[in-house]
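Working notes for the structure below.
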Amino acid sequence: MSRYRLQKTLMKKLLFIFSLPLLLTACGIGKYNVAYSEPKDGDRARIRVIVPTVFNAYRGVTAFPNMQCLTKRPVGSGHVVGSYAIGFENNLNGQKIGIPASTFSEKKGYVKAETYLSANQPVMFTFSKPNSTSESPAVSGTTRMITIYQDSCFARVVFVPQTNADYELVFTSETSCQFELNRLTVDQGAVSAAPVIQRNIEICH
């Protein structure tokens, strides 16, 4: 083998070795960068998921259908809604399927998505807000800025949706991981919201 061909072969091998971690990372991201897969038939319920719109940090909600216990990622799991800091995320942002309007659904400053759920089986939603920072004026009216550190927040919600019922899951305060899960009903044109009983979920044995 000539010296030129040997150098060319070595360069190809080195390029492959150095690019392998990037390829594996991309494959890992791609595996989980999927939108939630809605059930197309059977008994179903509907849910609207809402998170604050924040452009300097990520907020997102992932759904895990038929989650009987904490185990591997179930088939159909995926992102429902997310703020726009991560632009390549696949989700259902902005999707509407006719759920009655509520106080939060009409508010600005929130990202919303409506989707179907399989009824009469547990579903888990996880909310994720990694550590982030933001800039704020040190004193009102001045140009000097200070950095504000915001703690991470990870919340989990598990419940069993009922057939033909409408729900709304709102993450109202990511700083303290607060959320509201309500069932929406309509009576003579008026929409009311009632808290939903949540389930505990254990690790699979």
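When the strands (runs of 3 or more DSSP E) confined to the stretch 121-205 are screened for residues that are among the small types (Gly, Ala, Ser), touching a strand residue (DSSP E or B) at 6+ places or on another chain (Cβ under 6 Å) and at pLDDT below 90, those reaching at least 2 such residues are found at 132-137.
Mind listing just one residue for me: the one in the stretch 183-205 that is free of Cβ contacts under 8 Å to residues at least 60 places away in the same chain and under 18 Å from Gly98 (Cα atoms) and, of those, surrounded by the most Cβ atoms within 10 Å (Cβ to Cβ)? Residue satisfying both the conditions and the ranking: Arg183.
The values are calculated or read from the model by the stated rules, or taken from the named source; none is laboratory data. Not measured: the values here are computed from a predicted model. Note: ideal-geometry Cβ built from the backbone for every residue, glycine included; neighbour counts use all protein chains shown.
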